[in-house]
Amino acid sequence: MSNLAFNRHSVWAIYKFEMARALRTLFQSVVAPVITTSLYFVVFGAAIGSRMAQVDGVAYGAFIVPGLVMLSLFTQSISNASFGIYFPKFTGTIYEILSAPVSYLEIVIAYVGAAASKSIGLGLIILATAAMFVPVHILHPLWMIAFLVLTAATFSLFGFIVGIWAKSFEQLQFIPMLIITPLTFLGGAFYSIDMLPPTWRTVTLFNPVVYLISGFRWSFYESSDVSVEVSLAMTLGFFLFCLAVVGWMFKTGYRLKS
């Protein structure tokens, strides 16, 4: 029983350390994404919104809100989790963590939990910022929270994988900048994929980000490019896949013990 309590304290210590790091970089963690979101509304909401009144019966400014929240959630979840595990590798303190009486699962819970917590908080701040520009209606708040939490946990796991895989700070930025951000822009964050020609719509359906954004948008307006059941299944599938990869990395010691 005492061992279990010690493990809980260890997990809590790692979690608090990671959360404290966000407070030390408050501008980078919160202020910068809020300013970026405001600029998106100025550019997309004013410039494009003035020429596109509604999408699927929803005012364009309100339509892009779920996409903006997801864009911030994806990038911040990956960034927080990847840096969180990469920095101990970079400084060599990862060996102290691996040799401590904390299981691999508890290490993942601590790091991924902290990254997801920061991303969820930021997502809610982005949502509050968006509400200053356009009226936001959430028809299914419980589903909205469920998609928010599940997506943050999934991409924090993915970021954890990136952090273990990366051998340099350049590689740490490679996946988010050159893969995730383009997939988000091409995943219906700022438009409905029904607006695309049939061929391109079919191609877009191979983009996993489409399902994440579509399910999240459904919780707001009951408007989606794919059914909410498919969106939930795809999100859960991606989460389980990332969990399996993390488990394999710890089991084999991939780029952790060498």
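Residues that are of a type in the set (S, T, N, Q) and either surrounded by 17 or more Cβ atoms within 10 Å (Cβ to Cβ) or in a helix (DSSP H, G or I) (or both) within region 240-258 comprise just one, Thr252.
Taken over region 48-83, the criterion of being modelled with pLDDT of 85 or more, among the β-branched types (Val, Ile, Thr) and surrounded by fewer than 23 Cβ atoms within 10 Å (Cβ to Cβ) is satisfied by Val58, Thr75. Any residue that is more than 24 Å from Trp248 (Cβ to Cβ), out of contact with any Lys or Arg (no Cβ under 7 Å at 6 or more places or on another chain) and surrounded by fewer than 21 Cβ atoms within 10 Å (Cβ to Cβ) - is there at least one of those in region 84-97? Yes: region 84-97 contains one or more residues that are more than 24 Å from Trp248 (Cβ to Cβ), out of contact with any Lys or Arg (no Cβ under 7 Å at 6 or more places or on another chain) and surrounded by fewer than 21 Cβ atoms within 10 Å (Cβ to Cβ). Could you list all residues from region 129-144 that are in a loop (DSSP other than H, G, I, E, B) and either without any contact (Cβ under 8 Å) to a residue 12 or more places away in the chain or aliphatic (A, V, I, L, M) (or both)? The answer is Met132, Val134, Val136, Ile138, Leu139.
Which ones in region 89-109 are hydrophobic (A, V, I, L, M, F, W, C) and within 22 Å of the chain's Cα centre (by Cα)? So that I can check it myself, show each step before the final result.
As a first pass, look at region 89-109 and keep what is hydrophobic (A, V, I, L, M, F, W, C): 90, 94, 97-98, 100, 102, 105, 107-109.
Once the filter is applied, which keeps residues that are hydrophobic (A, V, I, L, M, F, W, C) and within 22 Å of the chain's Cα centre (by Cα), region 89-109 yields Leu105, Ile107, Val108, Ile109.
As a summary of the residue check, Val112 satisfies the conditions (1) of a type in the set (Val, Ile, Thr); (2) touching a helix residue (DSSP H, G or I) at 6+ places or on another chain (Cβ under 6 Å); (3) part of a helix (DSSP H, G or I); (4) in contact (Cβ under 8 Å) with a residue 60 or more places away in the chain except for the one numbered (4). The set of residues in region 82-121 being of a type outside the set (Ser, Thr, Tyr) and more than 21 Å from Val162 (Cα to Cα) consists of Ala100, Pro101, Val102, Gly121. Please indicate, with yes or no, whether at least one residue in region 34-41 is within 19 Å of Tyr191 (Cα to Cα) and not in a helix (DSSP H, G or I). So far as region 34-41 goes, no, none of its residues is within 19 Å of Tyr191 (Cα to Cα) and not in a helix (DSSP H, G or I). The set of residues in region 161-193 that are surrounded by 13 or more Cβ atoms within 10 Å (Cβ to Cβ), of a type outside the set (A, V, I, L, M, F, W, C) and more than 19 Å from the chain's Cα centre (by Cα) comprises Tyr191, Ser192. Only a single item in (1) closer than 25 Å to Ser117 by Cα; (2) buried (at least 19 other Cβ atoms within 10 Å of the Cβ); (3) of a type outside the set (A, V, I, L, M); (4) free of Cβ contacts under 8 Å to residues at least 40 places away in the same chain is not met by Gly237, and it is number (2). Of all residues in region 174-211, those satisfying the criterion of being more than 16 Å from Phe63 (Cβ to Cβ) and in contact (Cβ under 8 Å) with a residue 60 or more places away in the chain are Ile175, Pro176, Ile180, Thr181, Val209. Any residue that is part of a helix (DSSP H, G or I), modelled with pLDDT under 95, aliphatic (A, V, I, L, M) and out of contact with any Ser or Thr (no Cβ under 8 Å at 6 or more places or on another chain) - is there at least one of those in region 205-218? The answer is no; no qualifying residue exists. Of all the residues in region 219-234, those that are part of a loop (DSSP other than H, G, I, E, B), touching a residue at least 12 places away in the same chain (Cβ under 8 Å) and at negative phi number 3.
The set of residues from region 165-204 being hydroxyl-bearing (Ser, Thr, Tyr), in a loop (DSSP other than H, G, I, E, B) and either in contact with a helix residue (DSSP H, G or I) (Cβ under 7 Å, 6 or more places away or on another chain) or farther than 22 Å from Phe90 by Cβ (or both) comprises Tyr191, Ser192.
Remark: pairs (first residue in region 2-28, part of a helix (DSSP H, G or I) and exposed (fewer than 13 other Cβ atoms within 10 Å of the Cβ); second residue of a type in the set (Ser, Thr, Tyr) and at pLDDT below 85; Cβ separation under 9 Å; 6+ apart in sequence or on different chains) = Leu23/Ser29.
Taking the criterion of being surrounded by fewer than 23 Cβ atoms within 10 Å (Cβ to Cβ) and in a loop (DSSP other than H, G, I, E, B), would at least one residue in region 145-160 satisfy it? No, that holds for no residue.
The values are calculated or read from the model by the stated rules, or taken from the named source; none is laboratory data. Not measured: the values here are computed from a predicted model. A quick note on method: Cβ atoms are made from the backbone with ideal geometry, for glycine too, and the neighbour counts reach across all protein chains shown.
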